[in-house]
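Just below is one structure, and these are the notes that go with it.
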Amino acid sequence: KQALKKSPNYTDISVFLARLNLYDDHYDSARTILEEVYRRKPENLEVLGSLFDMEYWSDNPKNALDYANAALAVEYHNEEFLLKKAKALSDMERYRDAKGTLDTLLQVNPSNTDARVFSERLTRKAAKDKIDSDMKAALAEASKGYDDRPDFSSDPQVLALVKQRDDHNKKVKEAITK
């Protein structure tokens, strides 16, 4: 803090202090510092990365995505921010967009392990979601008209037939066990 007082425009110290605040769960303090630095240096990737992390860790994937996009506007093929963008999109349940972002990242660097693992996880999730969706559709189709059937449970004729069946089954069972 003393260094920041002596050099208030020194970006690295500001970002470092903000990161310390983030790690200590002092998000409001970190936000104040980072937003001030961002106003002065909107294209600074270190600031954008810190802002992304703060929003992402605060469960604000939409805001985090905005910072990832701002960083990618500065450096389009930045691997770190492509991965961050994919994470934010995934948290927003925009899996197709996340997969597309990971595909771009893997074109930039085919050996990026984090991107490969994340991409495979999204592919498995998409397959599982497709199976779940197909299963729900099949169940909905199978149950069509089920609720439209009349309820015979209180019909005296049906109840008499059910009693006859049960009596018959009871006699058969007794005969078998003798």
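The values are calculated or read from the model by the stated rules, or taken from the named source; none is laboratory data. Quantities reported herein were computed from a predicted structural model and do not represent experimental measurements. We place every Cβ from the backbone using ideal geometry, glycine too, and count neighbours over all the protein chains shown. We work out accessible area using only protein heavy atoms, side chains counted, and drop any ligands, DNA or RNA first. Shrake-Rupley method; radii C 1.70, N 1.55, O 1.52, S 1.80 Å.
For the range 111-119, the criterion of being open to solvent by less than 20 Å² (accessible area, probe 1.4 Å), of a type in the set (A, V, I, L, M), over 12 Å from the mean Cα position of the chain (by Cα) and farther than 16 Å from Asn69 by Cβ is met by at least one residue. Evaluation of Thr104 against the conditions (1) under 21 Å from Thr11 (Cα atoms); (2) of a type outside the set (A, V, I, L, M, F, W, C); (3) at pLDDT 95 or above shows that the sole unmet condition is (1). Taken together, the criteria exclude Leu122 from residues that are open to solvent by 90 Å² or more (accessible area, probe 1.4 Å) and either at pLDDT 80 or above or touching an Asp or Glu at 6+ places or on another chain (Cβ under 7 Å) (or both). Restricting attention to the range 25-40, the residues that are surrounded by fewer than 16 Cβ atoms within 10 Å (Cβ to Cβ) and either over 25 Å from the mean Cα position of the chain (by Cα) or modelled with pLDDT of 95 or more (or both) add up to 6.
Being over 11 Å from Lys85 (Cβ atoms), polar (S, T, N, Q) and surrounded by fewer than 19 Cβ atoms within 10 Å (Cβ to Cβ) is the filter here, so list the residues in the range 45-73 that pass it. Answer for the range 45-73, where residues must be over 11 Å from Lys85 (Cβ atoms), polar (S, T, N, Q) and surrounded by fewer than 19 Cβ atoms within 10 Å (Cβ to Cβ): Ser58, Asn60, Asn63. Taking the range 76-99 as the range and being part of a helix (DSSP H, G or I) and open to solvent by 30 Å² or more (accessible area, probe 1.4 Å) as the test, the residues that pass are Glu79, Glu80, Lys85, Lys87, Asp91, Tyr95, Arg96, Asp97, Lys99. Note on the range 76-95: residues that are over 16 Å from Ser50 (Cβ atoms), in contact (Cβ under 8 Å) with a residue 24 or more places away in the chain and of a type in the set (D, E, K, R) total 2.
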